[in-house]
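Could you have a look at this structure, given as structure tokens, before my questions?
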Protein chains: 2
Amino acid sequence: MYRTHTCGELRLENVSGKVLLSGWVQKIRNLGGMTFIDLRDRYGITQLVVDGETNKDLSDEVRELGREYVIQIEGVVAERSNKNPKMPTGDVEILLESLKVLNSSELPPFTIEDDTDGGEELRMRYRYLDIRRNPIRENLELRHRMGFEIRNFLNSLNFIEIETPVLIKSTPEGARDFVVPSRMNRGEFYALPQSPQVFKQLLMIGGMDKYFQIVKCFRDEDLRADRQPEFTQIDCEMSFIDQDDVLNSFEGLAKHLFKNIKGVEIDYDFPRLPYSEAMKYYGSDKPDIRFEMKFVEISDTVKSNGFKVFDDAEYVGAICAAGCAGYSRKQLDKLTNFVKSPQVGATGMIYIKYNQDGTVKSSVDKFFSQEKLIEVCEQCGAKPGDLVLILAGGKSKTLSALGDLRLEMGDQLGLRDNNKFAPLWVVDFPLLEWDEDSNRFHAMHHPFTSPKDEDVELIETAPGRVRANAYDIVINGVEIGGGSIRIHNEQLQQKMFELLGFSQEEAEEQFGFLMNAFKYGAPPHGGVAFGFDRWVALFSGAESIRDVIAFPKNNAGRDVMIDSPSSLAQAQLKELSIDVVEEDEEN
Amino acid sequence: MYRTHTCGELRLENVSGKVLLSGWVQKIRNLGGMTFIDLRDRYGITQLVVDGETNKDLSDEVRELGREYVIQIEGVVAERSNKNPKMPTGDVEILLESLKVLNSSELPPFTIEDDTDGGEELRMRYRYLDIRRNPIRENLELRHRMGFEIRNFLNSLNFIEIETPVLIKSTPEGARDFVVPSRMNRGEFYALPQSPQVFKQLLMIGGMDKYFQIVKCFRDEDLRADRQPEFTQIDCEMSFIDQDDVLNSFEGLAKHLFKNIKGVEIDYDFPRLPYSEAMKYYGSDKPDIRFEMKFVEISDTVKSNGFKVFDDAEYVGAICAAGCAGYSRKQLDKLTNFVKSPQVGATGMIYIKYNQDGTVKSSVDKFFSQEKLIEVCEQCGAKPGDLVLILAGGKSKTLSALGDLRLEMGDQLGLRDNNKFAPLWVVDFPLLEWDEDSNRFHAMHHPFTSPKDEDVELIETAPGRVRANAYDIVINGVEIGGGSIRIHNEQLQQKMFELLGFSQEEAEEQFGFLMNAFKYGAPPHGGVAFGFDRWVALFSGAESIRDVIAFPKNNAGRDVMIDSPSSLAQAQLKELSIDVVEEDEEN
């Protein structure tokens, strides 16, 4: 037996008990003649103590230990004279009686502490040591608990978890697939799923009624800031439901997690904001509504005053930053640089300081009267002491830039508190978006999304105006999930494929089995998929989803710990009937 | 709203209630002027009724419906005069008031009934229709409940579920890997995991203490009878444990599932049978111990009697088939043919009938006295009325053939009842097995398995005799899981690699990161992995694991529903820097 208790378990009531513990040496300190060891395992830290005066041999053994040695000890629990209220085990210590080294350790390449001296690359190379650190361990524990609670909740609603295949078929639509050469089917390939979309719809056609799966998905993208080639979805689908049923079910899931994981009781319905309003008031389809600061369109107020920037603009919009009238030249310049940065892309920024004394000071004083500027301020709901920030230009670009500015001001004003949560649904997304490059419509969500009944007639006349039964769930400006009610009618599905520019043949080749399935009694159905990594990251406060994944890949798609991907032996390639094309062969 | 209740929900207490139901038309019958519809969903079947006399229009609408149409109905719950006690909803029916067709259906290619007229190939092509059948639906529901209970149980023991990567690194050892070309890392490949073995060991080194995962694994094998290229494991690992801790924990899991899934309370400890005894008494490392019929070695008794077959045999073994002394010539010939079939591979079979009158009749009467034959019978525990069956030859082949004969007799005697469960642990597996082809030792389990402490000294002198801390869990002759205590010592691990014929370089290239990890304080650890598909199949009584997988592949590794694998566009291959090698290019 290696232990009677874990290192996080002992309390005052265990005093005088003889115990066996096992764990890692976190730290050794000598104080006077006493030696203290912090012994660590997943559950906590327990202090061990040995008196060098009375127990010299054991004290000498302890001196041989190093950081991260794995040891097993025997001793008696004693009450500490000097208690540590910050540790659950801080009331007790173990009077060491014997010790056995289970394994030694070389000096780790970085310190196993909450704040480590290891850079990300080093920590990734030694991820198994990084995982010993509290922040990573806690993230993985959180991830487990979230997965567990998600399953509990969905099971209680009669959802059943069904595994869909990982070796599927490549479809050219959408992001790039990872593919897998088939040895038994020469020259043919499987693909790894970007999502189980088609399979969950087939399960609904198969009468499974309520399906979910916490499942790995794969996307061969050039990795931007916080993407991984493999990621985890909470994938869900329901039959005989309308949009409200779906939203209510998964709002329930979110509330369950808020309550059971974060201890936050949300006793109100999540706001349901149409996409058009999200864009109008926040310039984003994933607005952070922890704070207001809604956009006010002031085009009508400020146009035709001889200020060319406004007069030429398709859109002039403003936000009011409460209490910021005192912003310095330097602060305002910094904001101007922020909006002019390539990521934001505005051409400039106009401000109006609504001073405490009721006067205004603006960067466009010479074009506008004080009265006009005060009118603008009041239109924006500004009070004396507030600062109004204005962007102008093409509508969609300006809305987006103003959205970035709003978030920046939210940060500056401390309005984006990580311990506050503001969830909402964004609904009524457009069914289609126009793609300039290919000069045709693309599905905004995916080709199976149904149009709103009341908009169906617009499909022929004004496809761009058709709204979809599609929705996203957004928390604190992070889109953590989205879904739609699907088309369950074969004819409508075919019309959608036409609209998206699929030839009959292409549609047949790629989705033939799904369209065929629709012939045999498909029920009305719809669902949602959540980004599990992102949701865990949001709840953990992690900056990157890498921090909530046990063994993540870097931005080049490499696992630097196992050094993968790697080259294959020629024999292995031959068996698969494939060959690597050399760079010069390509032309 | 599509429904107020499911089709499995209504009872007598709902009588007079107005309800909305949605589902599939299972069957329509006309009886006199009445029309009855069986409406089906995942939850059950509810009978709808319409009176053609009083409600001609609705009755006409019903006549338009076909099998598998999806409809929504409104009606009032009524008590049936002619109750059906076999259906949970059999006390009531719905007096139909209105009906809406949600979707029509073509005639399905096979009947959606428990006993369908569809062959396997056809059902696989239309798997989404096959899933509507009760047997498949129930298997998927069982699979969900088993997964759910496994997670509940392991969570209660402080195991945490951690996802390990799917895109990993190819290792030439063991079965073939599926590989994935990396577009971003030209000429390099990921591999799909055959198991998360290395990662779970790294998680233990990372201090996660108790890990589990229900996870897809992949093996590019030529598919035998009941294998799938992708399959699901319940993968588990623990730290600071010895073999008893692991066995007790997972025996607990098995008991939990028996109780909560099968309603079978197992109140005894699972037998722990050494591998050597399993082979000696059952000729198998996965014995079916639902019945006794142990082997008795009779070499000493029957040798040197002038019967060459016995005299030349390395091993002569017998089993006693109770009450079978009356077996006919024909029955005995059939058994002889069975043991001589290529799958079994014996050269012949000898029988002794121990007649009710105390006489014996044997196929070797002319070589042995009655007394001798009675001696053999009694050595085998036979009583008058029993039949003794004897095989002779090389030891390992004969043990195996006798094992097959034992199972056959178990079947013939009805001793292998699917509703009876006899679990056991097989322990003390050999560490190594000699491979004739490569003329060297292979790891019987895998290269990380630890030898028994008391056998460590044999590693140098008699490696074939070293027993491992390795174990399998077997239920009714099916191996549903296995595992081992791992080596946690770097030097011992290196010695193992040497013994297995890895050069320092090969070991470094393939397992370098693991061996490196061992330098930083690896705890004692071990674990187990269960074949989830097989366990579900065992509990469901399914003949094949295909029956408990939503979308299985056939024996050629093809998904005939989505027609995968398939060829890729040349552009896609080019982007991946690979090319398919034509057959004639190969030479």
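What about A:ASN134, is it open to solvent by 40 Å² or more (accessible area, probe 1.4 Å) and within 23 Å of the chain's Cα centre (by Cα)?
yes
Continuing with this model, one more query. Would you call A:THR89 away from every other protein chain (no Cβ under 14 Å) and either outside any strand (DSSP E or B) or under 39 Å from the mean Cα position of the chain (by Cα) (or both)?
So A:THR89 passes the test.
Among the residues of the stretch B:200-211, count how many are at the interface with chain A (Cβ under 8 Å from one of its Cβ atoms) and under 13 Å from B:ARG486 (Cβ atoms).
3
Kindly indicate whether any position in the stretch A:432-440 is part of a loop (DSSP other than H, G, I, E, B), of a type in the set (D, E, K, R) and open to solvent by less than 20 Å² (accessible area, probe 1.4 Å).
So far as the stretch A:432-440 goes, no, none of its residues is part of a loop (DSSP other than H, G, I, E, B), of a type in the set (D, E, K, R) and open to solvent by less than 20 Å² (accessible area, probe 1.4 Å).
So, one more: Can you spot a residue in the stretch A:156-176 that is over 20 Å from the mean Cα position of the chain (by Cα), among the acidic types (Asp, Glu), open to solvent by 30 Å² or more (accessible area, probe 1.4 Å) and more than 8 Å from every other protein chain (Cβ to nearest Cβ)?
Yes.
Within the stretch B:460-475, how many residues turn out to be touching a strand residue (DSSP E or B) at 6+ places or on another chain (Cβ under 8 Å) and either among the acidic types (Asp, Glu) or open to solvent by 10 Å² or more (accessible area, probe 1.4 Å) (or both)?
6
Counting only residues that are at the interface with another protein chain (Cβ under 7 Å from one of its Cβ atoms) and not small (Gly, Ala, Ser), which one in the stretch A:138-155 is nearest to A:GLN213 (Cα to Cα)?
For the stretch A:138-155, the residue satisfying everything is A:ARG151.
Output the residue which, of all residues in the stretch A:216-240 that are out of contact with any helix residue (DSSP H, G or I) (no Cβ under 8 Å at 6 or more places or on another chain) and at the interface with chain B (Cβ under 9 Å from one of its Cβ atoms), is farthest from B:ILE168 (Cα to Cα).
It comes out as A:PHE240.
Now for a different question. Within the stretch B:383-392, identify whether any single residue is in contact (Cβ under 8 Å) with a residue 60 or more places away in the chain, surrounded by fewer than 16 Cβ atoms within 10 Å (Cβ to Cβ), more than 25 Å from the chain's Cα centre (by Cα) and assigned to a strand (DSSP E or B), and answer yes or no.
No, that holds for no residue.
Name the residue that is nearest to the chain's Cα centre (by Cα), counting only residues in the stretch B:353-379 that are β-branched (Val, Ile, Thr) and assigned to a helix (DSSP H, G or I).
That would be B:VAL376.
Name, by its number, the condition in (1) over 24 Å from A:ARG186 (Cβ atoms); (2) under 17 Å from the mean Cα position of the chain (by Cα) that does not hold for B:ARG227.
With (1) over 24 Å from A:ARG186 (Cβ atoms); (2) under 17 Å from the mean Cα position of the chain (by Cα) applied to B:ARG227, the lone miss is (1).
Among the residues of the stretch B:553-564, is there at least one that is within 11 Å of another protein chain (Cβ to nearest Cβ), hydrophobic (A, V, I, L, M, F, W, C) and in a helix (DSSP H, G or I)?
No, the stretch B:553-564 contains no residue that is within 11 Å of another protein chain (Cβ to nearest Cβ), hydrophobic (A, V, I, L, M, F, W, C) and in a helix (DSSP H, G or I).
Also, I was wondering about something else. Just to be sure, is A:LYS255 in a helix (DSSP H, G or I) and surrounded by fewer than 15 Cβ atoms within 10 Å (Cβ to Cβ)?
no
Find the helices (runs of 4 or more DSSP H) located wholly in the stretch A:486-552 whose residues include 2 or more that are surrounded by fewer than 19 Cβ atoms within 10 Å (Cβ to Cβ) and of a type outside the set (Gly, Ala, Ser), and list them.
A:490-499, A:504-517
Moving on. When the stretch A:487-525 is examined, which residues are found to be more than 23 Å from B:ARG125 (Cα to Cα) and not aromatic (Phe, Trp, Tyr)?
Correct list: A:LEU492, A:LYS495, A:MET496, A:GLU498, A:LEU499, A:LEU500, A:GLY501, A:SER503.
Sort out which residues of the stretch A:368-382 are in contact with a helix residue (DSSP H, G or I) (Cβ under 8 Å, 6 or more places away or on another chain) and either open to solvent by less than 10 Å² (accessible area, probe 1.4 Å) or over 16 Å from A:TYR281 (Cα atoms) (or both), and write them in order of number.
A:PHE368, A:LYS372, A:GLU375, A:VAL376
Could you tell me whether the stretch B:227-236 includes any residue that is free of Cβ contacts under 8 Å to residues at least 40 places away in the same chain and in contact with a Leu (Cβ under 9 Å, 6 or more places away or on another chain)?
Within the stretch B:227-236, not a single residue is free of Cβ contacts under 8 Å to residues at least 40 places away in the same chain and in contact with a Leu (Cβ under 9 Å, 6 or more places away or on another chain).
While we're here: Cβ-Cβ below 9 Å, separation at least six or inter-chain, first residue in the stretch A:423-442 and more than 25 Å from A:GLU454 (Cα to Cα), second at pLDDT 95 or above and open to solvent by 30 Å² or more (accessible area, probe 1.4 Å): which pairs?
A:PRO423/A:LYS255; A:PRO423/A:PRO271; A:PRO423/A:ILE289
What number of residues in the stretch B:179-198 are at the interface with another protein chain (Cβ under 7 Å from one of its Cβ atoms), without any contact (Cβ under 8 Å) to a residue 60 or more places away in the chain and open to solvent by 10 Å² or more (accessible area, probe 1.4 Å)?
Of the residues in that region, 3 qualify.
Quick one: A:ASN152 ticks every box in (1) over 17 Å from B:LEU202 (Cα atoms); (2) in contact with a strand residue (DSSP E or B) (Cβ under 8 Å, 6 or more places away or on another chain); (3) not in a loop (DSSP other than H, G, I, E, B); (4) not assigned by TED's automatic domain parsing to the domain that holds A:GLY52 bar one, so which box is it?
Unmet condition: (2).
Select, from A:ASP311, A:ASP269, the only residue that is open to solvent by 20 Å² or more (accessible area, probe 1.4 Å) and more than 19 Å from A:LYS372 (Cβ to Cβ).
A:ASP269
Answer with yes or no whether A:SER98 is at pLDDT 95 or above, within 27 Å of B:ARG486 (Cα to Cα), in contact with a strand residue (DSSP E or B) (Cβ under 6 Å, 6 or more places away or on another chain) and open to solvent by 10 Å² or more (accessible area, probe 1.4 Å).
yes
Among (1) within 21 Å of A:LEU415 (Cα to Cα); (2) touching a Ser or Thr at 6+ places or on another chain (Cβ under 8 Å), which single condition is A:ILE289 missing?
(2)
Additional query: Please identify the pairs in which a residue from the stretch A:330-359 that is closer than 20 Å to A:VAL296 by Cβ has its Cβ atom under 7 Å from the Cβ atom of a residue that is surrounded by 15 or more Cβ atoms within 10 Å (Cβ to Cβ) and aromatic (Phe, Trp, Tyr), counting only partners at least 6 apart or on another chain.
These pairs meet every condition: A:LEU332/A:TYR351; A:VAL344/A:PHE338.
Related question: For the stretch B:114-149, which residues satisfy the criterion of being in a helix (DSSP H, G or I) and of a type in the set (A, V, I, L, M, F, W, C)?
Within the stretch B:114-149, B:LEU122, B:MET124, B:LEU129, B:ILE136, B:LEU140, B:LEU142, B:MET146, B:PHE148 meet the criteria.
Among the residues in the stretch A:323-336, are any open to solvent by 20 Å² or more (accessible area, probe 1.4 Å), among the aromatic types (Phe, Trp, Tyr), out of contact with any helix residue (DSSP H, G or I) (no Cβ under 6 Å at 6 or more places or on another chain) and more than 19 Å from A:MET409 (Cβ to Cβ)?
So far as the stretch A:323-336 goes, no, none of its residues is open to solvent by 20 Å² or more (accessible area, probe 1.4 Å), among the aromatic types (Phe, Trp, Tyr), out of contact with any helix residue (DSSP H, G or I) (no Cβ under 6 Å at 6 or more places or on another chain) and more than 19 Å from A:MET409 (Cβ to Cβ).
The values are calculated or read from the model by the stated rules, or taken from the named source; none is laboratory data. All figures in this text were calculated on a predicted structure; none of them were measured in a lab. Here the Cβ is made from the backbone with ideal geometry for all residues, glycine too, and neighbour counts use every protein chain on show. Protein only, heavy atoms only, side chains kept; ligands, DNA and RNA dropped before computing areas. Shrake-Rupley method; radii C 1.70, N 1.55, O 1.52, S 1.80 Å.
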